[in-house]
Amino acid sequence: MKKIILASKSPRRIEMLGRYINDITVFSADVDEAVHEGDSPQTSVMRISLKKALAASDQCSQNGVIIAADTVVYLNRIMGKPKDYREGFEMLKSLSGKTHEVYTGISIIDSETGKKIIDYEKTSVEFNCLTDEFIMRYLDLGEYRDKAGAYGIQGYGELLIKEIHGCYNNVKGLPLTKLNCLLTKHFSHNLL
């Protein structure tokens, strides 16, 4: 079995993948995660996840299977990580009482053979109707920082959500079932 290299410094992704693989190498290169004008959410997350995987492939001295991911929230526009409290408030206010989509792009590269696979997962998330006071109390917890759409489903953010349709782990930032299928089909590798 080849070494797994996770091209991410996300504690959530490290923890999620770490449940299945004991010896993960974490190598995160800084890349521009800006959304391009006119990009669809699936195009954006696949493009950015590929940039992360290619940067890790170029800069990491170890060989192995490189896994990179990028997650955004989409409701009429792509929402990445909020810059500050105000933007976090605006994002959550716009999601209140509505159904949005969470997209995660996955890129996998075998650094020895150069084989690349790029795909994405989509999950629908319906929010409860949120008061301004509730949104501010949630933001005051600080959980919104570094999270697409300004919330984390795995934490206090679960109280924002009425229901989801699709992959729960996708909303956390790494669709493990899709990842396992891609590894099995294209790399003769799996998470177990």
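The relative contact order of the chain, computed from alpha carbon pairs under 8 Å that lie at least 6 residues apart in sequence, is 21 percent. Relative to the longest principal axis of the Cα atoms of the chain, the long axis of helix 41-59 lies at roughly 40 degrees.
Computed on the Cα trace of segment 48-107, the radius of gyration divided by the Kirkwood hydrodynamic radius gives Rg/Rh = 1.15.
Across segment 71-85, rounded Karplus estimates of 3J(HN,Hα) from the backbone phi angles (6.51 cos²θ - 1.76 cosθ + 1.60, θ = phi - 60°) give 10, 9, 9, 10, 8, 6, 7, 7, 10, x, 7, x, 6, 7, 4 Hz, Gly and Pro being marked x.
Residue by residue, segment 129-135 carries 3J(HN,Hα) couplings of 6, 10, 7, 4, 4, 5, 4 Hz when phi is fed to the Karplus relation 6.51 cos²θ - 1.76 cosθ + 1.60 (θ = phi - 60°); x denotes Gly or Pro.
Our coupling estimate for segment 110-123, obtained by passing each phi through the Karplus curve with A = 6.51, B = -1.76, C = 1.60 and θ = phi - 60°, is 8, 5, 7, 9, x, 5, 10, 10, 10, 8, 8, 10, 10, 10 Hz, Gly and Pro reported as x. Simple rule: put +1 on each Lys or Arg Cβ and -1 on each Asp or Glu Cβ in the chain, find the dipole, and look at 187, 28, 95; the Cα lying farthest toward the positive end is 187. Taking the inverse of the mean reciprocal distance over all distinct Cα pairs, the Kirkwood hydrodynamic radius of segment 72-133 comes to 13.7 Å. Pairwise inverse Cα distances across segment 3-55, averaged and inverted, put the Kirkwood hydrodynamic radius at 12.2 Å.
Using the alpha carbons alone, the radius of gyration of segment 1-102 stands to its Kirkwood radius in an Rg to Rh ratio of 1.03.
One compactness figure for segment 79-192 is 1.23, namely its Cα radius of gyration divided by 2.2 N^0.38 Å.
For the chain, the alpha carbon positions stretch 52, 34, 25 Å along the principal axes, listed from largest to smallest.
Any read-out appearing in this document is the output of simple, stated calculations on the displayed coordinates, not a laboratory observation. Just so you know, these numbers come straight off a predicted model, no measurement behind them. Here Cβ is always computed from backbone atoms with ideal geometry, including for glycine, and neighbour counts include all displayed protein chains.
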